[in-house]
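> Okay, here's the structure, questions in a sec.
The values are calculated or read from the model by the stated rules, or taken from the named source; none is laboratory data. Source: prediction; values computed, not measured. Don't worry about glycine lacking a Cβ; one is built from the backbone with ideal geometry, like all the others, and counts go over all protein chains shown.
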Amino acid sequence: MSDWHKSSYSGGTNECVESREHETGADVRDTQNRELGHLTFTRTEWNAFVEATLHSHR
């Protein structure tokens, strides 16, 4: 499993989410509330999110 990382678009603030990719998908958590756990997405769900995000910023 990869390490948690923030988007390069986050800048220096803590108002963002962190993600980590793994073989079956990805996990996402709130940077300010890490102790609350994370959401897990399947590979299909994560890929759909990434694609939608990429297309919305073009």
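> All but one of (1) farther than 15 Å from residue 6 by Cα; (2) surrounded by fewer than 11 Cβ atoms within 10 Å (Cβ to Cβ) hold for residue 33; state the number of the condition that does not hold.
(1)
> Could you list, in sequence order, the residues of the stretch 38-58 that are over 18 Å from residue 2 (Cβ atoms) and either surrounded by fewer than 12 Cβ atoms within 10 Å (Cβ to Cβ) or in contact (Cβ under 8 Å) with a residue 12 or more places away in the chain (or both)? Before you say what the answer is, go through the steps one by one.
Here is the first cut: in the stretch 38-58, the residues over 18 Å from residue 2 (Cβ atoms) are 44, 48, 51-58.
Result: 44, 51, 52, 53, 54, 55, 56, 57, 58.
> Report those strands (runs of 3 or more DSSP E) wholly inside the chain carrying at least 2 residues which are modelled with pLDDT of 90 or more and among the hydrophobic types (A, V, I, L, M, F, W, C).
Working: elements: 17-22, 25-30, 39-42.
In the chain, 25-30, 39-42 are the strands (runs of 3 or more DSSP E) which contain 2 or more residues that are modelled with pLDDT of 90 or more and among the hydrophobic types (A, V, I, L, M, F, W, C).
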